Amino acid sequence: MQKSVLVAVDRLVKHKKYDRLLRRTTKLMAHDEANECNVGDTVRVHISRPLSKRKSWVVTQVLHRARVFDADSAAKAAAADAAAHHAGGSSGGGLGAPSFAASAVPPAQ
């Protein structure tokens, strides 16, 4: 669903009989007009008129952005690191990674 996000609201509730705190989570469907929210973001939502069967909330502000894993940049960094490691001719005794770290199976001894 475009422009829709699922917001989890956590709260603590005291159990009447056992006098313990329980964590409860409420899941709200919210409208994100700019489609700018990602998984893990902390957002502020306000109630609005019903926008659909399950959606009655609107994202008004993104308070904190979560770290997003970018596979392309990670692959480029790993390739550059591997190229620098192999070009340096390190024997594994210095600060660099051991020579078998780039292969799937360590060499037999």
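Laboratory data are not the source of any read-out in this text; all were calculated from the coordinates shown. Note that the structure is predicted; figures quoted are calculated from it, not measured. Here the Cβ is made from the backbone with ideal geometry for all residues, glycine too, and neighbour counts use every protein chain on show.
Worth pointing out:
- Of Asp70, Asp41, all but one fail to be within 13 Å of Val9 (Cα to Cα) and of a type in the set (Asp, Glu); the exception is Asp41.
- Output for region 51-75, where each listed residue is over 18 Å from the mean Cα position of the chain (by Cα) and basic (Lys, Arg): Lys53, Arg54, Lys55
- Every condition in (1) closer than 15 Å to Ala8 by Cβ; (2) in contact with a strand residue (DSSP E or B) (Cβ under 8 Å, 6 or more places away or on another chain); (3) in contact (Cβ under 8 Å) with a residue 24 or more places away in the chain; (4) not aliphatic (A, V, I, L, M) is met by Thr26 except one, and the failing one is (3).
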